[in-house]
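Heads up, the thing below is written out as structure tokens.
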Amino acid sequence: METPLTLMFHGEDLKDAQVSVQQLVRGKAMRGVCHGLVPRSQHNAESANYLFVDFGVFQAGTYRITLKKGSKSATYDYVISERKPGSKFRESFSTADVVYLIMSDRFVDGDSKNNSTKNTREKADKNNVNGRWGGDIQGIINSLDHISKLGCTAIWPTPLLCDDEAAWSYHGYACSDYYHIDPRYGSNSLYAQMVQAAHAKGIKILMDMVPNHCGAAHWWMADLPYHDWINQFPEFTNTNNCFTANYDINASEYDRLLSNRGWFDHPMPDMNLENPDLLKYFQQWAIWWIEYADLDGLRVDTYPYIEKIPGSKWLAAIRKEYPNINIVGECWTRPAPAVAYWQSGVKNFDGFDSNLPTVMDFPVEEAIRQALENDGNYWGGGLTRVYDAMTMDYMYADVNKLFTFLGNHDMARITDVVKDKDPRRVKLAYVLLATMRGIPQVLYGDEYAMTSAGEDPSNHSYLRAPLPQGDEVTVDMQDMYDFQSKLFNWRKHEPVLHTGRTMHFLARNNTYAFFRYNEEEAVFVFANAADEPRVVPVETYHEILSKYNPVGVDPMTGEEVDLSQEIKVEGLNTLIVKIKK
């Protein structure tokens, strides 16, 4: 691989230890000079219990590394594997995909035997809404057919790595070991098997990575290599959640540093990627998982909270190794210019490039939710919000690399948000999601129009309920699943929805109309969020409609639709028409 190899050794008194390497053949160490794995340089850390060694890698094999200091020595057998054929130029997730987001511990319990383990502190307790409930990798494997039939072609599970906090460990965002799957989910090998099983069904896998913070239970917290391995303060100091300070020309240095260096929460020590050894550790960590598990992409948690220059270097190393890989970052902010700043390729005033190809489209998510949370009968309300949000597309380097969604594991479910929890409003929202530009993401359970299990939908633990199974699936749930399945499976085979341009039309009567189009074909969408029927003003669309045959097909009904004639769309409903030249 192109990435240089540095190994971090941790043990008692390793400062200035001598390093030597022998190659193992059939379990026996070969004599003479080893040419396959060669120590090139080494340096100590502030803690005497660490040693960093840079290696030249020339041949796959198993190598015995010996560290010697005085009369003491220790050995470690290290494997260099062959790279998978074609690995470097692997394809990734794109606008042709629909991503299915899974809250790993809450999704499906596929193996109850691993719900609690001896070597992890928090045990399963389904009576504790904030506790672990037993969802696991086997549950994801068992659900691949459900996800495939829905029309989703990629899966984003929330972090599956070890999180050994004594409480609240179920969310997985406080990592205690970056190289091992949490045993309550399975194992490294089972994770790799899940990826293979998903690939066999045409489904891609994204790994959720968290370089901004580790967990307080991480093993290195008992003996940090350097004082600045994490960002430290005399007393606990939260981030100010003000990552606008990264591009605010009026921002103080105080606010900027606190944004990047303050801790996300008490059990989440803030990592300092400005430490070059930590940066290298995270670069190798991400690349190792992609290669080991044959991943198709990454999702990066809380991206703007990372020190932005080393954060950009972290992503640059990954993309150098995998030029085609897509990486989506959580940049939870608004308005669009604030989000666009973090997308790679934007001509930022300060010359900064994040190396982050895809950003989450929080502005359009907010617009859709606000448009449907009430009747929208006021100036600037309703679907006018969506039109206004879409007018900001010029800000982005690539609108096809926007990650679009209606909700995620950190916000109230879409059904809880829309007025009267009306399934017609939910379906309208999903038509927008499936036909707008970008890469759509569906939160698990929303295919059943799930609602929060508690009185307060903003309480994350309540909205993260298990996926209904068997007899738990009601007739109304199945109707929503069937609707989305038809929608997303149709979307799979419509390249104009993956790469076509957008032309939209403003209306002040709580409707929204747009065309996704290319030279040969177009998809017309008319959404009516009013309670009463609306007539489609087809004469308004002459500038684009005149380029195509106005007679097309509604993919949801299979019926012919003539856009040259008067058409009426019922309240809280949508019309989709595929037309050609």
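The values are calculated or read from the model by the stated rules, or taken from the named source; none is laboratory data. All of these numbers come straight from a predicted model, not from anything done at the bench. Heads up, the Cβs are rebuilt from the backbone with ideal geometry, glycines too, and the neighbour counts pull from every protein chain shown.
Below is a table of values for the structure above.
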{"read-out": "Pair list, Cβ < 7 Å and 6+ apart or interchain, from the range 84-96 residues that are not assigned by TED's automatic domain parsing to the domain that holds Ala154 to residues that are of a type in the set (Phe, Trp, Tyr) and assigned to a loop (DSSP other than H, G, I, E, B)", "value": "Lys88/Tyr322; Arg90/Tyr322"}
{"read-out": "Top-ranked residue of the range 404-425 - restricted to ones that are closer than 19 Å to Phe514 by Cα and within 23 Å of the chain's Cα centre (by Cα), ranked as surrounded by the fewest Cβ atoms within 10 Å (Cβ to Cβ)", "value": "Thr404"}
{"read-out": "Filter result (farther than 18 Å from Phe483 by Cα, hydrophobic (A, V, I, L, M, F, W, C) and out of contact with any Phe, Trp or Tyr (no Cβ under 7 Å at 6 or more places or on another chain)) within the range 530-562", "value": "Ala530, Val535, Val538, Leu545, Val551, Val561"}
{"read-out": "Condition met for Ala527 (surrounded by 13 or more Cβ atoms within 10 Å (Cβ to Cβ), in contact with a Phe, Trp or Tyr (Cβ under 9 Å, 6 or more places away or on another chain), assigned to a strand (DSSP E or B) and touching a residue at least 24 places away in the same chain (Cβ under 8 Å))", "value": "yes"}
{"read-out": "Qualifying residue in the range 20-39 (condition: of a type outside the set (S, T, N, Q), exposed (fewer than 12 other Cβ atoms within 10 Å of the Cβ) and closer than 27 Å to Pro225 by Cα)", "value": "no"}
{"read-out": "Members of the range 472-489 found to be in contact with a helix residue (DSSP H, G or I) (Cβ under 7 Å, 6 or more places away or on another chain) and assigned to a loop (DSSP other than H, G, I, E, B), listed by number", "value": "Val473"}
{"read-out": "Residue match in the range 80-88 (condition: out of contact with any Cys (no Cβ under 9 Å at 6 or more places or on another chain), modelled with pLDDT of 95 or more and part of a strand (DSSP E or B))", "value": "yes"}
{"read-out": "Single residue of Pro363, Pro423, Pro357 found to be assigned by TED's automatic domain parsing to the domain that holds Trp156 and either at pLDDT below 95 or not charged (D, E, K, R) (or both)", "value": "Pro423"}
{"read-out": "Test result for Ser47, surrounded by fewer than 19 Cβ atoms within 10 Å (Cβ to Cβ) and either of a type in the set (Val, Ile, Thr) or free of Cβ contacts under 8 Å to residues at least 24 places away in the same chain (or both)", "value": "no"}
{"read-out": "Residue under evaluation Ser116, criteria (1) at pLDDT 95 or above; (2) over 25 Å from the mean Cα position of the chain (by Cα); (3) exposed (fewer than 13 other Cβ atoms within 10 Å of the Cβ); (4) part of a loop (DSSP other than H, G, I, E, B), criterion not met", "value": "(3)"}
{"read-out": "Meets criteria (surrounded by fewer than 24 Cβ atoms within 10 Å (Cβ to Cβ) and either touching a Ser or Thr at 6+ places or on another chain (Cβ under 7 Å) or not hydrophobic (A, V, I, L, M, F, W, C) (or both)) for Ala397", "value": "yes"}
{"read-out": "Test set (1) closer than 30 Å to Val108 by Cα; (2) part of a helix (DSSP H, G or I); (3) among the aliphatic types (A, V, I, L, M) - Ala465 fails condition number", "value": "(2)"}
{"read-out": "Options Ser176, Ser252: the member that is touching a Cys at 6+ places or on another chain (Cβ under 7 Å) and either closer than 30 Å to Glu46 by Cα or of a type in the set (S, T, N, Q) (or both)", "value": "Ser176"}
{"read-out": "Filter pass, Trp219 being crowded, with 16+ Cβ neighbours inside 10 Å and either in contact with a Leu (Cβ under 7 Å, 6 or more places away or on another chain) or among the hydrophobic types (A, V, I, L, M, F, W, C) (or both)", "value": "no"}
{"read-out": "Some residue of the range 503-524 being acidic (Asp, Glu), buried (at least 16 other Cβ atoms within 10 Å of the Cβ) and outside the structural domain of Gly151 (by TED's automatic domain parsing)", "value": "yes"}
{"read-out": "Count - residues of the range 534-581 that are under 24 Å from Arg424 (Cβ atoms) and assigned to a loop (DSSP other than H, G, I, E, B)", "value": "14"}
